[in-house]
1. Does Gln56 count as open to solvent by 10 Å² or more (accessible area, probe 1.4 Å), polar (S, T, N, Q) and more than 15 Å from Gly40 (Cα to Cα)?
2. When only residues in the stretch 77-105 that are part of a loop (DSSP other than H, G, I, E, B) and either among the acidic types (Asp, Glu) or under 15 Å from Tyr48 (Cα atoms) (or both) count, which is most open to solvent (accessible area, probe 1.4 Å)?
3. Within the stretch 141-171, track down each residue that is within 13 Å of the ligand (Cβ to nearest atom) and in contact with a strand residue (DSSP E or B) (Cβ under 6 Å, 6 or more places away or on another chain).
4. Output the number of residues of the stretch 228-246 satisfying the condition of being in contact with a Leu (Cβ under 9 Å, 6 or more places away or on another chain), within 17 Å of Lys168 (Cα to Cα) and part of a loop (DSSP other than H, G, I, E, B).
5. Counting only residues that are within 16 Å of the ligand (Cβ to nearest atom), open to solvent by 10 Å² or more (accessible area, probe 1.4 Å) and either in contact with a strand residue (DSSP E or B) (Cβ under 7 Å, 6 or more places away or on another chain) or outside any helix (DSSP H, G or I) (or both), how many does the stretch 106-140 have?
6. Within the stretch 205-212, is there a residue that is assigned to a helix (DSSP H, G or I) and touching a Lys or Arg at 6+ places or on another chain (Cβ under 7 Å)?
7. Any residue that is farther than 26 Å from Glu22 by Cβ, more than 16 Å from the ligand (Cβ to nearest atom) and surrounded by 15 or more Cβ atoms within 10 Å (Cβ to Cβ) - is there at least one of those in the stretch 230-248?
8. Based on this model, can you work out whether Leu193 counts as among the aliphatic types (A, V, I, L, M), surrounded by 15 or more Cβ atoms within 10 Å (Cβ to Cβ) and in contact with a helix residue (DSSP H, G or I) (Cβ under 7 Å, 6 or more places away or on another chain)?
Amino acid sequence: MLLTDQEYIRFSRHIMLDEVGEAGQIAIKQAHILIVGMGGLGCAAAQYLAAAGIGQLTLIDHDNVEVSNLQRQILFTTEDVGGAKVTIAKNKLTAINPKVKINTFYQSVFDLNLTALMPKVDVVLDCTDNIDTRYFINYTCLKAKRKLVSASAIQGQGQLISFDFAQKGSPCYQCLVPEKVSSTRNCSSLGVLSTLLGVMGSLQATEVLRLILNEYQILNQLLIFDAWQMSFKRLVLTADPECQCCKHPIKG
Ligand SMILES: [Zn+2]
């Protein structure tokens, strides 16, 4: 696969980077990224991935746009209220870059065959906001040996971690969060700073580009961003020998 003359112009600021170059931009063009959740994280990540020249995006979300989303879900405008998030997102992303192939699923991730999608995608972005969905995505990616970039944001604190389950002995999301925390601990009950979603979603998109470009992988490290302190902290995660997901999966 080569780049067209138009793509050389469009992505010239990428191509001139030693870390990307022509081969890197072609790798970005060949990539297929799955985004689960088109809230604040998904909106920010998807915009950058479309602009950066990702070849194919698959978006999963069963929600419609609500007025209270507009504070942080920057793909949506006031007139989009009531519409399906994935459909509106597809239109906006196509306007940014018409060359991106965008597939949408207007349904819950539990209602579709996520396992069947796995072999088709290179990296999965978890942009959801509840623990049951996070466990499910983590388990499905682990089983399929996919790469997973998981982010979350509550109040003024964001977290980011990437896994490559093709690597032997990789820890998983459940090693990090072994017990289901209360399902009421999310943005709708505790609030979240608008721009924090933009920071964390952009970091997820950055992780995707780094994973595609291959040489810049920093896996299994939890990055914690505190918006009020304007500080980043990094913690190394090792596999939990007691983990109910990657070490002792419950059968059935
Ligand atoms: Zn685990």
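1. Numbers: open to solvent by 10 Å² or more (accessible area, probe 1.4 Å): yes; polar (S, T, N, Q): yes; more than 15 Å from Gly40 (Cα to Cα): yes.
It is true that Gln56 is open to solvent by 10 Å² or more (accessible area, probe 1.4 Å), polar (S, T, N, Q) and more than 15 Å from Gly40 (Cα to Cα).
2. Lys99
3. Cys141, Leu148, Ser150, Ile161, Phe163, Ser170
4. Qualifying residue count, the stretch 228-246: 4.
5. Residues flagged as within 16 Å of the ligand (Cβ to nearest atom), open to solvent by 10 Å² or more (accessible area, probe 1.4 Å) and either in contact with a strand residue (DSSP E or B) (Cβ under 7 Å, 6 or more places away or on another chain) or outside any helix (DSSP H, G or I) (or both) within the stretch 106-140 amount to 1.
6. There is at least one residue in the stretch 205-212 that is assigned to a helix (DSSP H, G or I) and touching a Lys or Arg at 6+ places or on another chain (Cβ under 7 Å).
7. Going residue by residue through the stretch 230-248, those that are farther than 26 Å from Glu22 by Cβ are 230-248.
Applying the additional criterion that residues be more than 16 Å from the ligand (Cβ to nearest atom) yields 230-234.
Subset that is surrounded by 15 or more Cβ atoms within 10 Å (Cβ to Cβ): none.
Within the stretch 230-248, none of the residues are farther than 26 Å from Glu22 by Cβ, more than 16 Å from the ligand (Cβ to nearest atom) and surrounded by 15 or more Cβ atoms within 10 Å (Cβ to Cβ).
8. So Leu193 fails the test.
The values are calculated or read from the model by the stated rules, or taken from the named source; none is laboratory data. Bear in mind that the values here come from a model prediction, so they are computed numbers and not experimental data. Cβ coordinates were reconstructed from backbone atoms using ideal geometry, including for glycine residues, and neighbour counts include every protein chain displayed. The protein model used for the area step is the full one, side chains on, heavy atoms only, and it has no ligands, DNA or RNA in it. Shrake-Rupley method; radii C 1.70, N 1.55, O 1.52, S 1.80 Å.
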